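Only one structure is covered here, and it is reproduced in the block below.
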Amino acid sequence: MRRLALIVALLLAPLAAPCPARAQPVLNVYNWTDYIDPYVVQRFQQETGIRIRYDVYDSLETLEGKLSAGRSGYDLVVPTSEPTFARLVRAGALLPLDRARIPNWRNLDTGLMARASGADPGNAHGAIYLWGTVGLGLRLDRIRAIAPDLALDGLDVLLKPENARRLAGCGLAVMDSATDVLPSVLRWLGRNPDSADPADLRAAEAALLAIRPQLRAIPGSGALLDMLATGEICVALTYSGDVIQAAARAREARRGVEIGYAAPAAGPQIFFDMLAIPADAPHPEAAHAFIDFLLRPDNIAAVSSHVRYPNAVPASRPLITEAVRDDLNVYPPEAALAGAFVAGTPGPQAERLRSRLWSRFRAGR
Ligand code: N2P
């Protein structure tokens, strides 16, 4: 439904925009699935007369594949600070931002921006759009019926083989992304989430293969959100806001599906998704205008209210829907983030080991 609403909004918006004598300027956006409020897109088009062409991806692997070839044709992309954004910065694949064109930059939380600056010294190439954690979506109504005694407080629910066996009939799934799953598995094993050590990666592979027979699917994160919302699966390892969106959709559908989010007990992976402009973007001016528009408190508040991910603009907080603002899974309290970690950027050799490991996991051998 939401995707349909977005498509309708994008189709209708150009009609409402002023009709310039020259060809209408365009902005090619490549963003995550379920990661914007379509009315914010529409408002930008109406205010600026710039038409947005909007494409989506649902994993960093897909985004990186598209961008590493160059000439993607995109003007604005939203890579996670590490590893993807960090690699793009180092490769010179992103445009240094012109802050004079982004007056709303001053609205950004300096503490959060400092946390993202490891990937980008001086925050020269990106502003935080939204952030979140990686954890479990749980279908509480079914899990309570099947395993009333099970503590629903972390990755044990999925990664302990005896738990996976108990819940298998109800549907288990892991999002298809080595980059965003392996750090949490390594951390659960008590190992370095960024490890390039083959022994650590073998342990992570063994942990994943141990529950592999019990997994119903390894879908992209976008499909996983839908499966969780409809109640088709009971346990999903994925992004926090996707679970919270699925929970809201399940409530609206009123079919008794009750979804909850459980962050890893040992401390979740936190990610920062960055607004960035490819170095070869055809319309960098329009991209700057869109970044500035998104950093306006009312606009980014609408985005957070809609997609249920926190942003990095403190002045937007009072404007966010109360149910989202007060949800401790959306804005976790400091204490809940105590053990949280930001994943690093594995080197090429570690990356090769990780992606081979992931293929074996997907194939189940
Ligand atoms: C949105 C997922 C975005 C979070 N569906 C991943 N960094």
Hey, which of the helices (runs of 4 or more DSSP H) in segment 176-245, taking only ones fully inside, have at least 3 residues that are in contact (Cβ under 8 Å) with a residue 12 or more places away in the chain and within 16 Å of the ligand (Cβ to nearest atom)? 178-188, 221-230
Residues of segment 20-62 that turn out to be touching a Ser or Thr at 6+ places or on another chain (Cβ under 7 Å), part of a helix (DSSP H, G or I) and open to solvent by 20 Å² or more (accessible area, probe 1.4 Å), as a count: 1
Being outside any helix (DSSP H, G or I), in the same structural domain as residue 313 (by TED's automatic domain parsing), open to solvent by 60 Å² or more (accessible area, probe 1.4 Å) and farther than 22 Å from residue 35 by Cα, is that true of even one residue in segment 67-87? yes
Anything in segment 250-275 that is more than 14 Å from residue 180 (Cβ to Cβ) and within 13 Å of the ligand (Cβ to nearest atom)? List them, or say none. 274, 275
Taking into account only those residues within segment 220-250 that are out of contact with any strand residue (DSSP E or B) (no Cβ under 8 Å at 6 or more places or on another chain) and closer than 25 Å to residue 321 by Cα, which is surrounded by the most Cβ atoms within 10 Å (Cβ to Cβ)? 245
Going through segment 166-189 one residue at a time, which ones are open to solvent by 70 Å² or more (accessible area, probe 1.4 Å) and either in contact with a Lys or Arg (Cβ under 6 Å, 6 or more places away or on another chain) or more than 25 Å from residue 222 (Cα to Cα) (or both)? 166
Of the conditions (1) more than 25 Å from residue 180 (Cβ to Cβ); (2) of a type outside the set (S, T, N, Q); (3) in the same structural domain as residue 186 (by TED's automatic domain parsing); (4) in contact (Cβ under 8 Å) with a residue 24 or more places away in the chain, residue 285 satisfies every one except a single condition; which number is it? (3)
Out of all the residues in segment 107-114, is one or more outside the structural domain of residue 205 (by TED's automatic domain parsing), part of a helix (DSSP H, G or I) and among the small types (Gly, Ala, Ser)? yes
Taking the condition hydrophobic (A, V, I, L, M, F, W, C) and either open to solvent by less than 40 Å² (accessible area, probe 1.4 Å) or touching a strand residue (DSSP E or B) at 6+ places or on another chain (Cβ under 9 Å) (or both), does residue 114 pass? no
Tell me which residues, restricted to segment 67-102, are within 16 Å of the ligand (Cβ to nearest atom) and among the aromatic types (Phe, Trp, Tyr). 85
Does segment 290-346 hold any residues that are open to solvent by less than 70 Å² (accessible area, probe 1.4 Å) and of a type in the set (Asp, Glu), and which are they? 292, 298, 327
Yes or no: segment 18-33 includes at least one residue that is free of Cβ contacts under 8 Å to residues at least 60 places away in the same chain and within 15 Å of the ligand (Cβ to nearest atom). yes
Looking at residue 105, is it more than 29 Å from residue 220 (Cα to Cα), among the aromatic types (Phe, Trp, Tyr) and either open to solvent by 20 Å² or more (accessible area, probe 1.4 Å) or within 16 Å of the ligand (Cβ to nearest atom) (or both)? yes
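If I go through segment 123-165 residue by residue, how many of them are small (Gly, Ala, Ser), in contact (Cβ under 8 Å) with a residue 24 or more places away in the chain and surrounded by fewer than 21 Cβ atoms within 10 Å (Cβ to Cβ)? So that I can check it myself, show each step before the final result.
Start the filter on segment 123-165 by keeping residues that are small (Gly, Ala, Ser), which leaves 124, 126-127, 132, 135, 137, 145, 147, 151, 154, 164.
Narrowing the set further to residues that are in contact (Cβ under 8 Å) with a residue 24 or more places away in the chain leaves 124, 126-127, 132, 135, 137, 154, 164.
Next, from what is left, pick out any that are surrounded by fewer than 21 Cβ atoms within 10 Å (Cβ to Cβ): 124, 154, 164.
Number satisfying all stated conditions: 3.
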Among residues belonging to segment 152-175 that are of a type in the set (Asp, Glu) and out of contact with any Phe, Trp or Tyr (no Cβ under 9 Å at 6 or more places or on another chain), point out the one that is farthest from the ligand (Cβ to nearest atom). 162
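The values are calculated or read from the model by the stated rules, or taken from the named source; none is laboratory data. In this text the structure is predicted, and so the values were computed from the model without any measurement. So basically every Cβ, Gly included, is an ideal-geometry build from the backbone, and we count neighbours across all protein chains shown. Surface accessibility is based on the protein's heavy atoms, side chains included, excluding ligands, DNA and RNA. Shrake-Rupley method; radii C 1.70, N 1.55, O 1.52, S 1.80 Å.
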